[in-house]
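For reference, the structure is listed below as C-alpha cells.
The values are calculated or read from the model by the stated rules, or taken from the named source; none is laboratory data. Being a predicted model, the structure only gives us computed values, none of them experimental. Ideal geometry is used to build each Cβ from the backbone, glycine not excepted, and the neighbour counts take in all protein chains shown.
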Amino acid sequence: MTAEQAPAGIEEMGEGPDYVRLALLATILVALIGFLVYTRFINPPKKPFYAELPGISLAGIAEPQKTQIVKLANAAPCDCGYAGCDNWNVAECRNLDPGCDVSLKIAAAIVQKETGKPAVLTVKMPDARTPTPAPSGAPKKSGSMERHAGCDCAAK
Ligand SMILES: [Zn+2]
C-alpha cells in the first residue's frame, strides 16, 4: 500500500487544524522570545542600591563626593572571581560578603581617587582570601573556588 492509495480526504481534513496549531505555536514562541528579550535586555531586574560600604567609613566625606563614591561602588564590578558570583559589584560584596578583600581594596581606591585622601577603614584589611579546602566529610563543592558567603547565584 503506497501513499497515493490513501483516501485523499484524510490529508485535506488534517490541513486546517495543523495550520492553526502551527500559528499558535509560532505566536507562543514569539511571545516567549519577546518576554525573554524584554526581561534580559530592555528592562532587567534592578540590583539593590547600597548606600553604605561596610568596612569603609564614609562619615568624614562630604557631598557630593560621598554620593559619587557610593555610585561608583555600585557600578564597579568586583573581580574577586568567586564561582558563580562574577556579576557582583563592589557595593554588593561589601554589604553581602564583608570578608571579600578585593571589594575592600577597590572601594578604598575609589575613596582615595574621589577625595584625594586615603580611605578610613573600619575593619582590618583582610588577607587575600584563598579557597579553603572543604572540611573532610563535607560534600565537595563544584568548581575550584567557594562561592561568596550569602551568595545564592548557584541556586538560581
Ligand atoms: Zn568580591
What number of residues within segment 32-64 satisfy the criterion of being hydroxyl-bearing (Ser, Thr, Tyr) and either within 18 Å of residue 114 (Cα to Cα) or assigned to a loop (DSSP other than H, G, I, E, B) (or both)?
2
Would it be correct to say that residue 152 is among the acidic types (Asp, Glu), modelled with pLDDT under 85 and within 22 Å of residue 46 (Cβ to Cβ)?
yes
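Residues to consider are 107, 91, 73; find the one that is more than 8 Å from the ligand (Cβ to nearest atom), modelled with pLDDT of 90 or more and under 19 Å from residue 124 (Cβ atoms).
107
Residue by residue through segment 20-63, note down the ones that are of a type in the set (Ser, Thr, Tyr) and either assigned by TED's automatic domain parsing to the domain that holds residue 94 or under 30 Å from residue 99 (Cβ atoms) (or both).
Across segment 20-63, the qualifying residues are 50, 57.
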Testing residue 67 on (1) in a helix (DSSP H, G or I); (2) in contact with a Leu (Cβ under 8 Å, 6 or more places away or on another chain), one condition comes back false. Which one is that?
(2)
Under the condition of being among the small types (Gly, Ala, Ser) and surrounded by fewer than 19 Cβ atoms within 10 Å (Cβ to Cβ), which residue from segment 52-70 is nearest to the ligand (Cβ to nearest atom)?
57
